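For reference, the structure is listed below as structure tokens.
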Amino acid sequence: MAKVLEMRGITKQFPRVLANDHVYFDLEHGEIHALVGENGSGKSTLMSILYGLYQKDAGEIIVRGQHVEITEPRRAIDLRIGMVFQHFMLVEPLTVAENIVLGSEIRKGPFLDYKKMIAEVRRLSEEYGLQIDPEAKIADLSVGLQQRVEILKALYRGAEILILDEPTAVLTPQEVDDLIQVLRNLKAKGTSIVFITHKIKEVLAVSDRVSVLRRGRKIGTKLTSDTNEQELAEMMVGRVVLLQVEKGSAQPGPEVLRLEGVSVKDQFGQVKVNNVNLSVRSGEVLGIAGVEGNGQSELVEAIAGLRRVSGGKIYLSGQDITGWSPLRIRRAGFGFVPEDRHRRGLVLDYSVADNLILGIHGSKPFVTSAGLRNQGKIGEYAEELIAEYDVRPPVANQAVRNLSGGNQQKVVVAREFAQNPDLLICSQPTRGVDVGAIEFIHKQVIAQRDRGAAVLLVSAELDEVLSLSDRVAVMYNGEIVSVMPIEEATEHKLGFLMLGGRLEDYQAGEVSGSAGQS
Amino acid sequence: MGDILAMLFNTTVFAAAFRMATPLIFAALGGILSERSGVVNIALEGMMLIGSFTAMLVTYLTGMPWVGVLGAMAAGGLIGLIHAVFCVRYRANQVVTGTAINIFAGGLTVFLLRHFFQVAGTSPAVTVIPDITLPILSKIPWIDRILGRQNPLVYLALVAVAVVHVVIYRTTWGLRLRAVGEHPQAADTVGVNVFRMRYIAVVLSGALAGLGGTYLSIAHLSRFSEGMTAGRGFIALAAVIFGKWTPLGALGACLFFGYGDALQMRLQDIGIPTQFMNMLPYVLTMVALAGFIGRAVGPKAAGEPYIKG
């Protein structure tokens with residue numbers, strides 16, 4: 001196969017880090033080449049250089065055999081290189097068609113030719129099997145559809161080399177499956193694709209080759225068929241990684257959390273959680289599996305006191321905490337790792353130290369008897385947690401905003417776990433977190449369980465639910481449709497229930513399925 | 001009671017409403033262009049004032065009011081350019097820059113008035129743009145008493161609304177304008193020059209505000225007086241928000257405010273204090289904004305300087 005792209009000896013120095021250190025990368029015609037590495041390993045930088053957003057300090061870029069200098073995105077577009085960013089570059093109040101043509105409009109004199117624009121977008125979307133309504137407003141589309149618009153934007157500009165920067169980070173598992181299908185279609189039509197990710201499963205599912213970066217350096221390139229999860233994880237992290245959590249069997253104690261007929265409505269009065277009964281005991285992890293948007297977030301926020309329940313009772317260690325304020329619930333022995341660390345978990349512009357004491361900042365020893373902050377104690381406490389939870393870089397007074405996603409998450413985890421709560425809710429605890437940090441956080445969750453905490457885990461990653469939980473509940477359409485011990489849970493069974501299937505039907509299907517085989 | 005109703009729906013009041021709305025419409029259109037590009041233009045007031053003064057001065061010097069109009073637009077555009085250089089190039093705070101321009105415009109016009117005419121307060125009288133009768137509108141009953149005979153600038157304002165509407169929603173330039181005000185980085189990554197778009201929009205904004213000022217000094221009255229815009233730039237700004245950053249919406253808001261202004265002159269006769277009526281546009285804006293919370297959302301990037309890369 002012919003090489004459509006070669007990047008040789010790419011070097012990029014940022015003020016404090018060497019983001020790319022003599023990196024070699026190539027792309028063959030019609031292949032999907034995964035570019036993987038932990039956060040901050042330089043994948044995005046490398047591709048931003050290719051798209052003209054950053055200028056390289058050294059190295060050369062060869063596109064279809066020609067040496068090129070890509071000084072701005074316009075130049076990359078001319079070279080038929082398209083990029084789909086992790087944070088979409090879409091103008092929300094504009095329509096799909098308007099976003100797609102922006103900058104390369106179809107015009108009649110100074111006027112936009114809306115008819116032709118819409119027809120062209122229709123044609124493209126049919127050609128590549130990317131169904132979309134050209135006249136819909138971006139703001140009204142789901143994240144998955146918005147990403148589709150981004151891909152169409154690149155294709156409209158004639159992209160033959162398509163770069164996707166962490167395309168799955170914002171997608172639900174179903175949307176990820178759709179995207180993988182789309183990428184296969186594009187590949188079949190001769191598009192060459194660079195797929196940036198840090199999720200190894202996706203690499204194995206979609207790519208032909210995979211290149212691994214670590215701290216700005218290229219570690220290696222492999223044929224996907226010649227490698228496996230374990231090897232890639234080790235290449236990324238630089239040491240042996242345990243992908244499976246090591247844990248002993250649970251020793252459940254007394255009941256800590258009890259939900260009795262809990263219902264929750266959203267701000268529009270829609271019932272999001274419907275009559276949920278659930279119980280979590282000390283020393284066990286109860287995992288809630290479910291497609292996102294089936295009420296998990298609302299349920300968890302209701303327990304945390306962030307959302308009012310419209311019916312039912314919540315008991316924490318026997319006390320009725322329904323309607324309590326979040327602070328009072330926390331003080332009663334509750335720790336919470338929220339699903340969106342930026343919105344709920346951290347104050348991004350505060351220092352690591354200040355984030356570590358949020359919620360307990362008003363109590364001793366962080367406040368002196370005169371009511372002032374006790375900087376010394378705050379610093380000591382922060383240093384301790386930073387060491388214990390391996391937050392990198394280990395600097396207490398820098399803003400949390402400057403940390404990688406994995407280290408930001410470790411700050412949240414450290415704050416919540418260090419209080420040794422009786423009840424711990426972890427909502428998407430490893431979202432947007434790299435392999436090394438996932439391993440660490442998983443270990444900590446099990447350590448909390450073994451200490452005697454009741455852990456309620458909500459995750460869209462089935463793997464995570466299956467590897468951490470002692471019991472699994474499936475949530476669908478606001479209801480807990482099934483609770484089973486981990487021994488009875490399989491990926492296939494959970495997937496079936498998550499999509500609204502009934503347990504009876506599944507069991508019936510199993511029976512007839514195996515009968516058919518034999 | 002019948003008297004009040006008759007007054008509320010009086011064609012003379014309606015005609016006056018269009019006249020009072022005219023300077024607001026031009027300035028509001030200017031505000032829309034600027035804010036749509038992502039630059040908050042609180043300097044409309046100062047730009048109008050300088051437009052008023054320049055229109056008077058150029059008309060005084062040439063004797064030709066239409067040349068005065070061009071002069072006012074050029075002066076307003078120049079102030080717009082200054083605003084743009086500070087806000088786009090040097091990324092100054094847009095509200096502070098706008099406020100500075102307003103204060104500067106107040107001082108400059110007073111200074112120039114004394115410099116050229118050795119008078120304080122009011123300039124000598126100049127030629128005005130005369131009213132015209134529109135052949136078609138003046139044949140339609142009822143309408144003719146409102147819009148049959150008006151100042152050309154009144155008609156021009158209505159035409160300008162249509163033009164700006166078409167430009168924003170139907171042209172390539174308008175699409176790019178909306179994009180740079182909402183998500184400049186998105187526009188940049190597809191090759192739209194954010195800085196150039198903003199410069200052009202803010203200069204046009206100044207020219208339109210200057211045109212609005214023109215109406216006050218060489219159409220509505222025949223002279224310039226110190227501080228004659230009397231907060232109209234801010235009312236225009238309120239109209240921009242009230243009209244949700246759309247030309248047609250802003251037209252409606254301006255006509256509404258103009259109507260209030262026209263009514264106020266009548267209401268004085270029945271003992272409602274002027275000051276109360278003068279408050280009306282602001283009170284209405286606050287009420288409207290409170291009622292429309294979440295709906296009156298402006299361009300997302302308005303007020304934020306764009307930093308490349």
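The values are calculated or read from the model by the stated rules, or taken from the named source; none is laboratory data. Quick caveat: nothing in here was measured; it's all calculated off a predicted structure. Positions of Cβ are backbone-derived with ideal geometry, glycine not excepted, and every protein chain shown enters the neighbour counts. When the accessible area is computed, the model is the full protein with side chains, heavy atoms only, and any ligands, DNA or RNA have been set aside. Shrake-Rupley method; radii C 1.70, N 1.55, O 1.52, S 1.80 Å.
How many residues are of a type in the set (Val, Ile, Thr), away from chain A (no Cβ under 14 Å) and without any contact (Cβ under 8 Å) to a residue 60 or more places away in the chain when one looks only at segment B:150-209?
Here the count works out to 1.
Going by what's in this entry, would residue A:165 be described as open to solvent by less than 20 Å² (accessible area, probe 1.4 Å), within 30 Å of residue A:22 (Cβ to Cβ) and of a type in the set (D, E, K, R)?
When the stated conditions are applied, residue A:165 passes them.
Among (1) over 21 Å from residue B:189 (Cβ atoms); (2) open to solvent by less than 50 Å² (accessible area, probe 1.4 Å); (3) away from chain B (no Cβ under 12 Å); (4) free of Cβ contacts under 8 Å to residues at least 12 places away in the same chain, where does residue A:68 come up short?
Failed condition: (1).
Within segment B:140-176, track down each residue that is in contact with a Gly (Cβ under 9 Å, 6 or more places away or on another chain), loosely packed, with under 15 Cβ neighbours inside 10 Å and assigned to a helix (DSSP H, G or I).
B:166
Among the residues in segment A:101-111, are any within 24 Å of residue B:188 (Cβ to Cβ), touching a Leu at 6+ places or on another chain (Cβ under 9 Å) and more than 13 Å from chain B (Cβ to nearest Cβ)?
Checked against the condition, which is being within 24 Å of residue B:188 (Cβ to Cβ), touching a Leu at 6+ places or on another chain (Cβ under 9 Å) and more than 13 Å from chain B (Cβ to nearest Cβ), segment A:101-111 yields no hits at all.
Just to be sure before I move on: is residue B:91 on the phi > 0 side of the Ramachandran plot and either over 17 Å from the mean Cα position of the chain (by Cα) or surrounded by 24 or more Cβ atoms within 10 Å (Cβ to Cβ) (or both) in the structure I sent?
Criteria met by residue B:91.
Pick from B:179, B:207: which is open to solvent by less than 10 Å² (accessible area, probe 1.4 Å) and not polar (S, T, N, Q)?
Answer to the check: B:179.
Would you mind stating whether residue A:54 is open to solvent by 30 Å² or more (accessible area, probe 1.4 Å), among the hydroxyl-bearing types (Ser, Thr, Tyr) and within 10 Å of chain B (Cβ to nearest Cβ)?
yes
Quick one: residue A:86 ticks every box in (1) at the interface with chain B (Cβ under 8 Å from one of its Cβ atoms); (2) surrounded by fewer than 17 Cβ atoms within 10 Å (Cβ to Cβ); (3) touching a residue at least 12 places away in the same chain (Cβ under 8 Å) bar one, so which box is it?
(1)
Residues of segment B:96-139 being assigned to a helix (DSSP H, G or I), farther than 23 Å from residue B:223 by Cα and among the β-branched types (Val, Ile, Thr), which ones?
Across segment B:96-139, the qualifying residues are B:96, B:97, B:99.
Among the residues of segment A:359-396, count how many are among the hydrophobic types (A, V, I, L, M, F, W, C), under 21 Å from residue A:440 (Cβ atoms) and surrounded by 15 or more Cβ atoms within 10 Å (Cβ to Cβ).
Result for segment A:359-396: 6.
Here are some residues: A:457, A:466. Which one is under 29 Å from residue A:492 (Cα atoms), out of contact with any Asp or Glu (no Cβ under 6 Å at 6 or more places or on another chain), of a type in the set (A, V, I, L, M, F, W, C) and open to solvent by 10 Å² or more (accessible area, probe 1.4 Å)?
A:466
Does residue A:185 satisfy being of a type outside the set (Lys, Arg) and assigned by TED's automatic domain parsing to the domain that holds residue A:446?
no
Consider segment A:3-42. How many of its residues are within 21 Å of residue A:69 (Cα to Cα), open to solvent by less than 70 Å² (accessible area, probe 1.4 Å) and assigned to a loop (DSSP other than H, G, I, E, B)?
Result for segment A:3-42: 2.
Checking residue A:76 against (1) open to solvent by less than 10 Å² (accessible area, probe 1.4 Å); (2) over 27 Å from the mean Cα position of the chain (by Cα); (3) away from every other protein chain (no Cβ under 14 Å), which single condition isn't satisfied?
(3)
Need at least 3 residues that are out of contact with any Gly (no Cβ under 9 Å at 6 or more places or on another chain) per element, so show me which helices (runs of 4 or more DSSP H) inside segment B:1-68 make the cut, counting only ones lying wholly within it.
B:2-8, B:11-36
What about residue A:61, is it open to solvent by less than 10 Å² (accessible area, probe 1.4 Å) and either under 30 Å from residue A:15 (Cα atoms) or more than 10 Å from chain B (Cβ to nearest Cβ) (or both)?
yes
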